[in-house]
Number of protein chains: 2
Amino acid sequence: MGTKTRTFVTAHMVAERAGVSRSAVSRTFTSGASVSEATRKKVLEAAASLGYHVNHLARGLRERSNIVCLVVADLTTPIRARMVDVLTRKLQAAGKITMVINTETDTESVSSALRQTLNYRADATVVLSGTPPASLIETCLANGQQVVLINRDDRLSGSSNLGVDNAMAGREALFLLLRAGCRRLGLITSNARTASLVERERVFVEAATAAGAAVTVTAAGPTSYASGAEAARRVFGRSNAPDGVFCVTDLLALGFMDVARIEFGLKIPQDLCVVGFDDIEQAAWHSYQLTTFAQPLEAMASEVVDLLLRPEISATTRQIVEPLPVWRSSVRPGKG
Amino acid sequence: MGTKTRTFVTAHMVAERAGVSRSAVSRTFTSGASVSEATRKKVLEAAASLGYHVNHLARGLRERSNIVCLVVADLTTPIRARMVDVLTRKLQAAGKITMVINTETDTESVSSALRQTLNYRADATVVLSGTPPASLIETCLANGQQVVLINRDDRLSGSSNLGVDNAMAGREALFLLLRAGCRRLGLITSNARTASLVERERVFVEAATAAGAAVTVTAAGPTSYASGAEAARRVFGRSNAPDGVFCVTDLLALGFMDVARIEFGLKIPQDLCVVGFDDIEQAAWHSYQLTTFAQPLEAMASEVVDLLLRPEISATTRQIVEPLPVWRSSVRPGKG
DNA sequence: CGAACAAATGCACTTGTGTGCAAGCGCCTT
DNA sequence: AAGGCGCTTGCACACAAGTGCATTTGTTCG
């Protein structure tokens, strides 16, 4: 039976109703504070009847806000959606609340996102997309805010960095394709020159040329299914088409596979082997069965939470986690 | 050159640095307040050199917090990810910041999410998943908070409700299948008895029996690709298998299609017609080309923002938007 | 029964901001 | 030149919490 307040219930109102001081109300909701069982009960009753909820904004004025900001672009992408999902879950379990700032990947968008982060006194900012300018990271740190960059350029100082071992994936992808007997290699990437994508490309190409295999690199647009499809049209429209490709992203791989099979009648893995990266849900679908590398999202999220809970030791860390190879049937098994 | 503060910069520090009163600083960052150009400039310089950012938490003590909470489950689902994407975008454009609370669909999880919402003095809560108890909605409203339910049960009073016309989709799906010449109909749903899913099922089955067509209903698990796949195994393992199915969700449809084609060798749409709902990105992929209904997410998000900007007229509204049929090639075209 | 000690309570201050009110200041007009 | 008017500016309060310190209350032991 809440009386029509039309405004938020305050501790003061609860105190009045319960016939105690406001301090008593505050202590009732603070663990470890000294309140008698009798007043505690009175307060809880009054609070329940009024529908009182502690104002975390006011609490955040004196102590930590318990707010963590997630700066992210391309939220609809399966891998990003999963990152946000896992992170929000783990952060909630650690008593934090998540603010999501949906941005573009350009510097200006990311910068304004970071400023929002400061406006809301977030304990920490986790950047999943885009690359913030070093000066702004500096400002965040100067304000006592932690900054964690995930799969970003690792040369940014001051912040904590967390990323998967892209070099390992590049080498391993090459190994899988060579073992399958592929001789004309292709690398499919996007024209978003993210540090992670560039690294996977670089290592793959370097390792291939070192092994004496030629690689043609194709980038047909942003990191998407459509770009993978378009890349396939370009690649198979030319002579000397590849018989084994490494797509730096699963989304690219799936678009590439669809066009290769449907428009060019190729059989996978008989005529063409494909390796992806991310292990998005769709890679496991019956139509694709894509061999790829899984980002250990759970472990990465736990690592982030760990960093946040020990603010001290986090200065300029660089954590690298190993991607997990997932063998499916888009690559021929090695002989023997 | 920020001095190492290790704590957030306050308006007081800026005032000291600029040699003015704290009020002057506050007014500088409040549009429409009266400040001379000279002091304004001094303040802005001091603020920039210290890296000052207005504390929105403190501001939120007096006025609206500009925080909007999104309560959502199954965030990795493509349709949910898109909803969150579109909503965060529109809310940001309207000057709001989004808090995401990732919950399960059970009542207890949703309830605790709603309480968090109150704790952070959110101006409004938007519920995308699960169904909160009416009493808690009442509490939110009594606290002056708006509640918007999207695609939820519309019998919940007090809140604003927003949803797509599920009945229309059910009827139209039946029409498409009958026109394609399908005679043995199937309905694939999940065992998550969401109001939307139940409604689509109900209308489809009722309209079918009214038209003299038999329908077998199959639910093989939660709303997912795997459940759709499992449903196909059950349906085609029996005699009298359907030649036209309406899957209440695209994800179910895609799993169903994959198993029908790959494990049972059926051709779509020659042997089997499939209609989905949601128009997720994957429905448009070359492997599927699924005929489905698009949720007008942009329009729905705009509607939500509209509701938030006019708090008065929002009491107990029920807005229904029309889903948009998307014809692809998983259903045979009608003759003629 | 009184003293000593522990628990509970309230006062007042703190956090960072916005703003009403009154005072200060300068400029224009009569 | 003096009054008036308008633009600035600072003081003080409000917002909603947590907490140190002093005070009150209650209990137990001598």
### Query
Do the conditions hold for B:Thr107, that is, is it of a type in the set (Val, Ile, Thr), surrounded by fewer than 19 Cβ atoms within 10 Å (Cβ to Cβ) and within 16 Å of DNA strand C (Cβ to nearest atom)?
no
### Summary
Cβ pairs under 9 Å, 6+ apart or interchain, first in the stretch A:229-254 and on the phi > 0 side of the Ramachandran plot, second among the hydroxyl-bearing types (Ser, Thr, Tyr) and outside any helix (DSSP H, G or I), ordered by first then second residue, are A:Asn240/A:Thr216
### Message
Taking the criterion of being assigned to a loop (DSSP other than H, G, I, E, B), of a type outside the set (Ser, Thr, Tyr), surrounded by 21 or more Cβ atoms within 10 Å (Cβ to Cβ) and in contact (Cβ under 8 Å) with a residue 12 or more places away in the chain, would at least one residue in the stretch B:157-179 satisfy it?
### Response
no
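Check the stretch B:60-67 and report whether any residue there is in a loop (DSSP other than H, G, I, E, B), more than 9 Å from DNA strand C (Cβ to nearest atom) and of a type in the set (Lys, Arg).
Yes, because at least one residue in the stretch B:60-67 is in a loop (DSSP other than H, G, I, E, B), more than 9 Å from DNA strand C (Cβ to nearest atom) and of a type in the set (Lys, Arg).
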### Answer residue from the stretch A:113-135, given it is surrounded by fewer than 21 Cβ atoms within 10 Å (Cβ to Cβ) and more than 19 Å from A:Asn66 (Cα to Cα) and is farthest from the other protein chains (Cβ to nearest Cβ) among those
A:Thr131
## Note on the structure
Cβ pairs under 7 Å, 6+ apart or interchain, first in the stretch B:58-69 and without any contact (Cβ under 8 Å) to a residue 12 or more places away in the chain, second near DNA strand D (Cβ under 9 Å from one of its atoms) and in a helix (DSSP H, G or I), ordered by first then second residue, are B:Ala58/A:Leu61; B:Leu61/A:Leu57; B:Leu61/A:Ala58
### Summary
Residues of the stretch A:98-145 being closer than 23 Å to A:Ala81 by Cα, among the polar types (S, T, N, Q) and over 14 Å from the mean Cα position of the chain (by Cα), in sequence order, are A:Thr107, A:Ser109, A:Ser111, A:Ser112, A:Gln116, A:Thr117
### Lone qualifier among A:Ala24, A:Ala58, A:Ala94 - being within 9 Å of DNA strand D (Cβ to nearest atom) and within 25 Å of B:Thr7 (Cα to Cα)
A:Ala58
### Message
Criterion first (more than 16 Å from DNA strand D (Cβ to nearest atom), part of a helix (DSSP H, G or I) and among the acidic types (Asp, Glu)) does A:Asp85 satisfy it?
### Response
yes
### Message
I'd like the full set of residues that are free of Cβ contacts under 8 Å to residues at least 40 places away in the same chain and either assigned to a loop (DSSP other than H, G, I, E, B) or within 16 Å of B:Ile262 (Cβ to Cβ) (or both), limited to the stretch A:277-298.
### Response
A:Trp285, A:His286, A:Ser287
## Note on the structure
Only one of (1) at pLDDT 95 or above; (2) crowded, with 17+ Cβ neighbours inside 10 Å does not apply to A:Glu206, and that is (2)
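Residues A:Glu37, A:Glu63: which one is more than 14 Å from chain B (Cβ to nearest Cβ) and not hydrophobic (A, V, I, L, M, F, W, C)?
On the way: A:Glu63 fails: more than 14 Å from chain B (Cβ to nearest Cβ).
Only one candidate passes the filter, namely A:Glu37.
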#### Entry: Residue list for the stretch A:221-240, restricted to those being at pLDDT 95 or above and either of a type in the set (S, T, N, Q) or not in a helix (DSSP H, G or I) (or both)
A:Gly221, A:Pro222, A:Thr223, A:Ser224, A:Ser227
### Task
Looking only at the stretch A:299-314, count how many residues are charged (D, E, K, R) and not in a helix (DSSP H, G or I).
1
### Query
So which of A:Leu70, A:Leu75, A:Leu57 ends up being among the aliphatic types (A, V, I, L, M) and either within 16 Å of DNA strand C (Cβ to nearest atom) or in a helix (DSSP H, G or I) (or both)?
A:Leu57
### Task
Being within 10 Å of DNA strand C (Cβ to nearest atom) and not in a loop (DSSP other than H, G, I, E, B) is the filter; apply it to the stretch A:13-23 and report the residue that is nearest to the other protein chains (Cβ to nearest Cβ).
A:Arg22
### Residue count for the stretch A:180-205, restricted to those that are basic (Lys, Arg) and outside any loop (DSSP other than H, G, I, E, B)
2
## Note on the structure
Among (1) within 30 Å of B:Ser227 (Cβ to Cβ); (2) touching a helix residue (DSSP H, G or I) at 6+ places or on another chain (Cβ under 7 Å); (3) surrounded by fewer than 24 Cβ atoms within 10 Å (Cβ to Cβ); (4) not hydrophobic (A, V, I, L, M, F, W, C), A:Lys267 falls short only on (2)
### Task
Would you mind telling me which numbered condition in (1) of a type in the set (Ser, Thr, Tyr); (2) out of contact with any Cys (no Cβ under 8 Å at 6 or more places or on another chain); (3) more than 10 Å from DNA strand C (Cβ to nearest atom); (4) touching a residue at least 12 places away in the same chain (Cβ under 8 Å) B:Thr10 fails?
(3)
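The values are calculated or read from the model by the stated rules, or taken from the named source; none is laboratory data. Since we're looking at a predicted model, the values are computed, not measured. Don't worry about glycine lacking a Cβ; one is built from the backbone with ideal geometry, like all the others, and counts go over all protein chains shown.
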